[in-house]
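First up is the structure itself, then whatever we jot down about it.
Nothing in this text is a laboratory measurement; each read-out follows from the coordinates by a stated rule. These numbers were taken from a predicted model, which means no experiment stands behind them. Here the Cβ is made from the backbone with ideal geometry for all residues, glycine too, and neighbour counts use every protein chain on show.
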Amino acid sequence: MILKRLPQFTMHLLLISLVFIFIGCSNESPEEAIHNGWSGEIEVNDIISKQETNHGTFVFFSAYDVDGNDKFERVGVALMDKNSDSDWELNDSTIDTVASDSFAAHHKILHIENEKGKVIEIPIAFGKVGDINISSVTAEVNNEIEKIEIIPINSGRYFYKVNAWGPIKALDKNGKVIDQYGF
């Protein structure tokens, strides 16, 4: 009965307000959460991989600058919380430029706060492999050298590993080092 007395504009405004209240200001996808977390500076090109852990979901992605001034591809890793299929929260992320066509490797540290308020540092090794002679990538994981999976997708071959650090080595099929990042 009360709704019939309200002008049509006010009813539409009320309806739109209710929709925003129920939906909230959520990030509908990992891409949107990453884009918003980087203040709209980058546009996610591909989600290369997702890995769920007890710290959250690690999302490995490729991206480009939104403004188009920088034509270099970027690769990054985001640590996210998945509240639901349509609500993702960015905790921390890192991104770096793919500056080499043959082998671009990076290692960074992501940070997350545990339940007791202590900051946990999580090392990540990541990058892109362009040289077809590179058949494997290795890095130090928990004080041991481990092979990192190379993930092939339409836009190239990528790699990342949680708890990994340098040196990051690109090896040929015989195990000979072709390229290396870090000491």
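Packing around the peptides 28-40, 45-57, taken as the average count of other Cβ atoms within 10 Å per residue, puts them in this order, highest first: 28-40, 45-57. Using the Karplus relation 6.51 cos²θ - 1.76 cosθ + 1.60 with θ = phi - 60°, the per-residue 3J(HN,Hα) values for segment 39-50 come to 6, x, 6, 10, 10, 5, 8, 9, 8, 7, 7, 10 Hz, with x marking Gly and Pro. The amide H of LEU110, built 1.01 Å from its N in the peptide plane, has ILE122, ILE124 as neighbours under 5 Å, considering only residues 5 or more places off or on other chains. Between segment 94-110 and segment 25-71, what's the alpha-carbon centroid distance in Å? Comparing the Cα centres of segment 94-110 and segment 25-71, I get a distance of 15 Å. Between GLU89 and LYS173, the simple spin-label model (points 7 angstrom out along Cα→Cβ) gives 4.9 nm.
Here the extension length gained between THR53 and HIS111 equals 19.5 nm, from 0.36 nm per residue of separation less the Cα-Cα distance.
Label sites at SER102 and GLU41, each approximated as a point 7 angstrom past Cα along Cα to Cβ, lie 3.0 nm apart.
Going 7 Å from the Cα of ASP81 toward and past its Cβ, which residues in segment 110-147 have a backbone nitrogen under 19 Å from where you end up? Residues 110-122 fall inside that zone.
Counted residue by residue at 0.36 nm each, then reduced by the alpha carbon distance between them, the extension gain from ASN142 to LYS71 reaches 22.0 nm. Taking amide H as placed 1.01 Å from N in the peptide plane, the amide H of SER136 sits under 5 Å from that of LEU171, each at least 5 places away or on another chain. Contact order for the chain, expressed relative to its length and based on alpha carbon pairs under 8 Å spaced 6+ residues apart, stands at 13 percent.
Could you state, as a whole-number percent, how many of the C-alpha pairs of segment 29-81 are farther apart than 18 Å?
Details: 380 of 1378 pairs.
Summing the P(r) of segment 29-81 above 18 Å gives 28 percent of all pairs.
Placing +1 on the Cβ of every Lys and Arg and -1 on the Cβ of every Asp and Glu, with no other charges, gives the chain a dipole of roughly 260 debye about its Cα centre.
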